[in-house]
Amino acid sequence: MITSPQKILVVRNDKLGDFMLTCPTFALLREALPDARIDALVQDYTAPMAEQFAGIDTVIRDPGPGWGSTLALARRLRRERYDAVIVLFSTTRIGLALWLAGIPVRLAPATKLAQIFYNRRVRQRRSRSEKPEYEYNRDLAVALLQEWGIVEPGPFTPPCLRFPPEEREATRKDFLARYRLPDDSRLLFVHPGHGGSANNLRVDQFAELIRQLDPVPPWRIVITAGPGEESQARALADGIADRQPIVHVSREGLATFARHLDLADLFISGSTGPLHIAGALDRPTAAFYTRRRSATSLRWQTLNAPERRLAFSPPETAEAEDMSQVDLAAAAQAIRARFIAVSGEG
């Protein structure tokens, strides 16, 4: 048994939102093991965000599927001589690579065929969605720390991700200048696109929500879009043209997009990656979720403080994924009361 771990690998190589919810796990490990090297194995496109996490020393990019890639990954990991690996998202390919790498302690959820490759397993039953995803992730790290006799640090407190104040101020100054906005502007970010598996509001629903919110100066509406989402952003802008929205298309990379999201005085979207970036930054959020058990607002709860987040879903009388049944008037009233009215309306 390892008594003093020096090198740990953490694996979460799926979607952006899923990866962002690992932030408390890395924070926990860093607090518990301040002198250890803690690395992350992630998807290529989420690597820019992993590089922003203070708890990560080295980011390893998953080379992807294929026998040759799997063997190359196993050889790379074997050379690193990790003491342990915590797998937050398990697949057979990754399980095989970790086994071939000879990592002595391999811990993962006790699900799927892939569990045969691990010698430490934790039964979680995530499909029941009984608590937030970030807690399921964190529980795996806690299990390994307990095995090592390491006292679990305290509970997670936001923010999980932060940029230096002087850097944030420079980003805000540049952003306001780019779009010719007054210095006192309050920025309401709306992200109508989504790359996840959960349904989202339609563009016309986002437009109706904004009309019901009726944000007035100094509030300014910023419609954001990532790769492949510009058409949705432009359609929403056309639907609320009288509000003179700004369309901000992210073309400078994910880390820069995250810096721009850090400027949001309020961020509104469906359950998608940018929402979880905003949550990790402890920005105020209002999010729209289905009631499908694997995609609920509890399972995919954001990382911001409770008073800085709101979540809305279809009513119990509607189909779980029928987002057309979301009560936009009630949502707008709650959002205004929580975030807009208290912030000053001009």
Query raised in the report: Can you find even one residue in the range 327-345 that is basic (Lys, Arg), farther than 19 Å from PRO218 by Cα and not in a strand (DSSP E or B)?
Result: no
Report task. Please go through the range 130-177 and pick out each residue that is surrounded by 16 or more Cβ atoms within 10 Å (Cβ to Cβ), charged (D, E, K, R) and outside the structural domain of ALA27 (by TED's automatic domain parsing). Result -> ARG172
**Report entry** Subset of the range 72-107 [assigned to a helix (DSSP H, G or I), surrounded by 14 or more Cβ atoms within 10 Å (Cβ to Cβ) and of a type outside the set (D, E, K, R)]
**Finding:** LEU73, ALA74, LEU77, THR92, ILE94, GLY95, LEU96, ALA97, LEU98, TRP99, LEU100, ALA101
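Quick one: would you say PRO159 is within 21 Å of the chain's Cα centre (by Cα), outside any helix (DSSP H, G or I) and of a type outside the set (Ser, Thr, Tyr)?
Details: within 21 Å of the chain's Cα centre (by Cα): yes; outside any helix (DSSP H, G or I): yes; of a type outside the set (Ser, Thr, Tyr): yes.
For PRO159, the condition - within 21 Å of the chain's Cα centre (by Cα), outside any helix (DSSP H, G or I) and of a type outside the set (Ser, Thr, Tyr) - is met.
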Query raised in the report: Which numbered condition trips up GLY253, out of (1) over 22 Å from ALA329 (Cα atoms); (2) in contact (Cβ under 8 Å) with a residue 40 or more places away in the chain; (3) buried (at least 21 other Cβ atoms within 10 Å of the Cβ)?
Result: (3)
Query raised in the report: For the range 254-267, which residues satisfy the criterion of being assigned to a loop (DSSP other than H, G, I, E, B) and either within 16 Å of the chain's Cα centre (by Cα) or not assigned by TED's automatic domain parsing to the domain that holds ILE277 (or both)?
Result: ASP262, ALA264
Report task. Might you check whether a residue that is among the hydrophobic types (A, V, I, L, M, F, W, C), modelled with pLDDT under 95 and touching a helix residue (DSSP H, G or I) at 6+ places or on another chain (Cβ under 6 Å) occurs anywhere in the range 147-158? Result -> yes
Query raised in the report: Can you tell which of THR111, THR3 is among the β-branched types (Val, Ile, Thr), assigned to a loop (DSSP other than H, G, I, E, B), modelled with pLDDT under 95 and under 30 Å from HIS194 (Cα atoms)?
Result: THR111
Query raised in the report: Has the range 308-315 got any residue that is at pLDDT 95 or above, closer than 24 Å to PRO165 by Cα and assigned by TED's automatic domain parsing to the domain that holds VAL222?
Result: yes
Requested in this report: Kindly check whether there is at least one residue in the range 181-202 that is part of a helix (DSSP H, G or I), surrounded by 15 or more Cβ atoms within 10 Å (Cβ to Cβ) and free of Cβ contacts under 8 Å to residues at least 40 places away in the same chain.
Outcome: no
Query raised in the report: Could you list, in sequence order, the residues of the range 273-291 that are within 12 Å of the chain's Cα centre (by Cα) and either buried (at least 24 other Cβ atoms within 10 Å of the Cβ) or assigned by TED's automatic domain parsing to the domain that holds LEU21 (or both)?
Result: GLY273, PRO274, LEU275, HIS276, ILE277, ALA278, GLY279, ALA280, LEU281
Report summary line: In the range 114-129, anything surrounded by 14 or more Cβ atoms within 10 Å (Cβ to Cβ) and part of a loop (DSSP other than H, G, I, E, B) is listed as TYR118, GLN124, SER129
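Would it be correct to say that PRO217 is in contact (Cβ under 8 Å) with a residue 24 or more places away in the chain, closer than 28 Å to ARG138 by Cα and outside the structural domain of MET20 (by TED's automatic domain parsing)?
The answer is no for PRO217.
The values are calculated or read from the model by the stated rules, or taken from the named source; none is laboratory data. These figures come from a predicted structure and were not determined experimentally. Glycine also receives a Cβ, built like all others from the backbone with ideal geometry; neighbour counts cover every protein chain displayed.
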